[in-house]
Amino acid sequence: MKKKNIIKNTFLGSMAVILLASCDLNMVPTDAIVYEEGTPLFLSEADVLAFEVGILADYRGLQYGSFTQSTEVMCDAFNATIGFGNNYGSVHRADYTFTPSDTYVESMWGSHYIAIKDYNIAIANCKLVADDAPHKPAADYLEGLAYFCRASSYLTLARHFGKDYDPATAETDLCVPLVLKYDQAEKPFRATVKEVYDQIFDDLSLAEELLAESPGAVRSVVPTIDAVYALMARYYLDVEDYQSAASYAMDVIDSEAGYALASSAEAMVVEYTNDNGTEPIVQCFATMAEGAKGNTLFTSVGTGNDVPKYFGSLFIPTNKLVASYGSGDLRFTTWFTNSMYPIFSSGNYYTEPYVFIKYLDNPALRSGNVETGAHAAKPLMIGEMYLIAAEAYAMDGDEDAAVSILQELRGARRAGAVTGDIMDEVKLEWFRETVGEGLRLSCLKRWGDGIDTRAPQPSATELVMTGSAYTERELTSDSHVFVWPVPTYEIKINENLVQNPGYSE
């Protein structure tokens, strides 16, 4: 069998390619497949479609779980319970225990770069498909998809491992390495914040061109042109081009796809429990047989002898989060409960504190009667576009437009009228609307805001971890932990990398 057919069948069968810089026969079987840059992989439409499945799996794999939970518990919305078992402990405390060797730091960095490797291979091989090849349209779509996914990963990496984009310092502030082609032997230097954001823009521009004929659709399982516009809106908000941020966000809000905010209790359940609502710009594929995603730290439902079910929550909402909602706010009445099940922690039951149940469970994605936290991941939601537009209008000085678009969001959520300082209102709405989505850290960095103490709910003082590292922890806006450390392992294998300030090896 020819080598090219081995490669073809490997991608069709399992999407697994062993990618090696050199062959060590003590470690690698003699029949292992070594990918070489310039070797065409896409010989037919079936090859392209098989790789597309892998790219979408990469993208889905980077949603929810530690990729969102780590930044959520780092900030000011959640308290660790006394039975949290030090899960996410270092990132929650954000003290001397939060180091370059932290598991969540290494996972955030490494998982995105593994995916970027696949995106790079897809882009390179799509370019090798001849213009007159019958599978050229499929290759063009895959190339656009890979550009979108690569931009998404670099934006996430920049928001974690680089400083906030400041036009005055972006050309010198260090960010993450730019790896744009497969080269296992390369040892890249860290690019600057501006270089990384410029690359994000270039990738999104190419995605916009290649996905132009992929119209948006509510709950699309694949990125569409509306997803590109949504990511463009994030990009422009970060780089302080507020007119463009608002324009792209409004393009999505006004899309013919018909995204709509849930505006009743029933619609909120359909949206956030049944994964069948009208808010997702992208909703990743999920089935009970083939897997789903979840943010399980907040619920962790269990069964016991004393009660049929209980919450084994490792983190519960702070008083700041609970108190931020009005009594009629649909988000509060559907995302929080203190009456469903008791909380069980360290041998005791607690019945009064609120639990965050936005990601409790989709019953269609489990076989038993105990909630597992399984959901279809929703990486891009229409609510965020309202927030981006409102913030961009406010920062650009158009307060009337900012109030109008923010009021649309609040009206749908039954959250009352916008009455205070517009940026204060925008910040509060980001806190309430996107809780659990992993966006809090990027917001605080963008605004230059610190984190005040995490006072617990009055009924939870005996349930949560207390003290200077927990309920009393504060972070000033210039705290070094707002920029995550470069993982120790990466620095060990690549002497060209330098560490972020504030961290020792």
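The values are calculated or read from the model by the stated rules, or taken from the named source; none is laboratory data. Quick caveat, the model's predicted, so the values are computed rather than measured. Neighbour counts run over all protein chains shown; Cβ positions are idealised from the backbone, glycine included. Calculation scope for accessible area: heavy atoms of the full protein, side chains included, ligands and nucleic acids excluded. Shrake-Rupley method; radii C 1.70, N 1.55, O 1.52, S 1.80 Å.
Structure data summary
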quantity	calculated
Viscosity 1.567 mPa s, temperature 4 °C, Stokes-Einstein D of the range 121-241 from Kirkwood C-alpha radius, µm²/s	85 µm²/s
Thr192 - accessible surface, heavy atoms, 1.4 Å probe, Å² rounded to 10	20 Å²
Around Phe311: net Lys/Arg minus Asp/Glu count, Cβ-Cβ under 15 Å	-2
Amide H within-cut-off set for Leu380, under 5 Å, with H built and near neighbours excluded	Ile281, Val282
For the range 378-405 versus the range 462-488, the gap between their alpha-carbon centres in whole angstrom	29 Å
Nearest-20 debye value, the chain charge dipole, Cβ charges on Lys, Arg, Asp, Glu	1620 debye
Options [x] 152; [y] 161; [z] 174 - which one matches volume of the Cα convex hull per residue in Å³ as calculated here	[y]
Computed over the range 346-479, the ratio Rg/Rh where both radii use C-alpha atoms and Rh is Kirkwood	1.03
For the range 434-505, fraction of C-alpha pairs farther apart than 18 Å, in %	58 percent
From phi via Karplus (6.51, -1.76, 1.60), per-residue ³J(HN,Hα) for the range 255-270 in Hz, x at Gly/Pro	4, 5, 4, x, 4, 9, 6, 5, 10, 8, 4, 5, 5, 5, 5, 4
Dimensionless Rg over Rh [the range 309-401; C-alpha; Kirkwood]	1.08
The range 45-180, Rg to Rh (Cα coordinates; Rh as Kirkwood inverse mean 1/r)	1.09
Cα lying deepest toward the dipole's positive end in the range 314-397, options Met381, Phe315, Asn348, charges on Cβ	Asn348
Cβ-defined net charge surrounding Tyr147, 12 Å radius [Lys, Arg +1; Asp, Glu -1]	-4
Most positive-pole-ward Cα, Cys75, Gln457, Tyr248, against dipole of the chain from beta carbon charges	Gln457
Too-long pairs where the Cα-Cα distance tops 26 Å, listed order kept, from Lys181/Lys445; Lys136/Lys181; Lys117/Lys445; Lys293/Lys492; Lys320/Lys358	Lys181/Lys445; Lys117/Lys445; Lys293/Lys492
Amide H within-cut-off set for Phe78, under 5 Å, with H built and near neighbours excluded	Thr318
Simple Cβ-charge dipole of the range 207-260, Lys/Arg +1 and Asp/Glu -1, about Cα centre, in debye nearest 20	260 debye
Most positive-pole-ward Cα, Tyr393, Leu330, Thr372, against dipole of the chain from beta carbon charges	Thr372
When the convex hull of its Cα atoms is projected in every direction, mean area for the range 166-320 (nm²)	15.4 nm²
Debye, to nearest 20: dipole size of the range 125-233, +1 on Lys, Arg Cβ, -1 on Asp, Glu Cβ	440 debye
Net +/- balance of residues flanking Lys320 in space, Cβ distance below 9 Å, scoring K and R +1, D and E -1	-1
